[in-house]
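**Q** Can you read through this structure? Questions will come right after.
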Amino acid sequence: MQLSLMTWPEVEARLKRGAGVMLPMGSTEQHGPMGLIGTDAICAEAFALEAAKQCDAIVAPPMTYTPAPFNTAFPGTISLDATVFETCLKQVCAGLLDQGFRGVFLVNGHGANIEPARAVADSFPKGAIHLQSWWDPPEMGQMRTEMFGDWEGMHATPSEVAVTQTLHGTKPAGRANRPPEKLSADYIRNHSGDRHGPPDEHRKAFPDGRVGSHSALATPDLGEQLLKAGAKALARDYKEFCEERHAIS
């Protein structure tokens, strides 16, 4: 159930029974020649909404403006300073907890959100805030590897593009039809969590916006498989989170 589509009496009734809440987090940034600007937020919210059908969760409106400074040389990218995002996220989480939600389950879809979100989680009582990217469950990592191998890459990945295709259709591949340059293990290790360089340097190094990801391998059918499996894993982990919060309260 979407928080934005509920009335306050409906929310109050759920809180009296005991309720947690999912909070999706994405970004507003380029995702290569065929990836949507809102890919990260679209994916995070989609996984949360599908999972909510299985675990009767409430899903708050997504955080869509987040840090993406390395991509601001590409038109359409809007980036918040990491400290600003951290402050906003902390206030949203505090507001939800103060209203009576037992815990906040962060559903993440953007690498640069991870570090500030961890800082926010650490600022609350232990266990009140749980951070989980949609790709974290082991079964999701296995699926992505089986589907795309090394071509999953780091940005504008075929897995996330496939999920958006399932929901919003397919854009022409254009330049994405050509495989990008493969990334070295050192590059992947050194740039995890979206630790990329200045915008102009980043666009020069990756002129079409993809970072080792062969987006054109994406299909709506693969996206549907990923969405189904990811929602199932997320619902399972959310239930465990709520059970732990219920035991504490």
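The values are calculated or read from the model by the stated rules, or taken from the named source; none is laboratory data. Bear in mind the structure is a predicted one, so any value in this text is a computation, not a measurement. Here the Cβ positions follow ideal geometry from the backbone for every residue, glycine too, while neighbour counts run over all protein chains shown. The protein model used for the area step is the full one, side chains on, heavy atoms only, and it has no ligands, DNA or RNA in it. Shrake-Rupley method; radii C 1.70, N 1.55, O 1.52, S 1.80 Å.
**Q** Of all residues in the range 94-103, which are outside any loop (DSSP other than H, G, I, E, B) and surrounded by fewer than 17 Cβ atoms within 10 Å (Cβ to Cβ)? Spell out how you get there, then give the answer.
**A** So in the range 94-103, the residues outside any loop (DSSP other than H, G, I, E, B) come out as 94-99.
Scanning the range 94-103 gives Ala94, Gly95, Asp98, Gln99.
**Q** If you don't mind, there's one more thing I want to ask. Hey, can you tell me all the residues within the range 168-199 that are closer than 17 Å to Gly35 by Cβ and touching a helix residue (DSSP H, G or I) at 6+ places or on another chain (Cβ under 6 Å)?
**A** Ala173, Ala176, Asn177, Asp194, His196
**Q** State yes or no: is Gln91 in contact (Cβ under 8 Å) with a residue 24 or more places away in the chain, surrounded by fewer than 24 Cβ atoms within 10 Å (Cβ to Cβ) and more than 16 Å from the chain's Cα centre (by Cα)? Spell out the reasoning first.
**A** On the way: in contact (Cβ under 8 Å) with a residue 24 or more places away in the chain: no; surrounded by fewer than 24 Cβ atoms within 10 Å (Cβ to Cβ): yes; more than 16 Å from the chain's Cα centre (by Cα): yes.
Answer is no for this residue.
**Q** With Pro67, Pro125, Pro61 as the choices, which residue is in contact with a Phe, Trp or Tyr (Cβ under 6 Å, 6 or more places away or on another chain) and either open to solvent by 10 Å² or more (accessible area, probe 1.4 Å) or at pLDDT 95 or above (or both)? Full working, then the answer.
**A** Working: Pro125 fails: in contact with a Phe, Trp or Tyr (Cβ under 6 Å, 6 or more places away or on another chain); Pro61 fails: in contact with a Phe, Trp or Tyr (Cβ under 6 Å, 6 or more places away or on another chain).
The conditions single out Pro67.
**Q** So Leu106 ticks every box in (1) assigned to a helix (DSSP H, G or I); (2) open to solvent by less than 10 Å² (accessible area, probe 1.4 Å) but one. Which box is left unticked?
**A** The single condition Leu106 does not satisfy is (1).
**Q** Can you find even one residue in the range 149-160 that is more than 14 Å from Ser215 (Cβ to Cβ), open to solvent by less than 20 Å² (accessible area, probe 1.4 Å) and in contact (Cβ under 8 Å) with a residue 40 or more places away in the chain?
**A** So far as the range 149-160 goes, no, none of its residues is more than 14 Å from Ser215 (Cβ to Cβ), open to solvent by less than 20 Å² (accessible area, probe 1.4 Å) and in contact (Cβ under 8 Å) with a residue 40 or more places away in the chain.
**Q** Among the listed residues Glu201, Glu240, Glu224, Glu244, which satisfies the condition of being within 30 Å of Asp56 (Cβ to Cβ), part of a helix (DSSP H, G or I) and free of Cβ contacts under 8 Å to residues at least 12 places away in the same chain? Steps first, please.
**A** Numbers: Glu201 fails: within 30 Å of Asp56 (Cβ to Cβ); Glu224 fails: free of Cβ contacts under 8 Å to residues at least 12 places away in the same chain; Glu244 fails: free of Cβ contacts under 8 Å to residues at least 12 places away in the same chain.
Just a single option satisfies the conditions, and that option is Glu240.
**Q** Restricting attention to the range 33-82, which residues are without any contact (Cβ under 8 Å) to a residue 60 or more places away in the chain and in a strand (DSSP E or B)?
**A** The answer is Val59, Met63, Thr66, Ile78, Ser79.
**Q** Checking Asp208 against (1) among the acidic types (Asp, Glu); (2) part of a helix (DSSP H, G or I); (3) buried (at least 16 other Cβ atoms within 10 Å of the Cβ), which test does it fail?
**A** Going through (1) among the acidic types (Asp, Glu); (2) part of a helix (DSSP H, G or I); (3) buried (at least 16 other Cβ atoms within 10 Å of the Cβ) one by one, Asp208 breaks only (2).
**Q** Let me ask something additional. For Gln54, work out the one condition from (1) open to solvent by 20 Å² or more (accessible area, probe 1.4 Å); (2) in contact with a His (Cβ under 8 Å, 6 or more places away or on another chain) it doesn't fulfil.
**A** All conditions are met except number (2).
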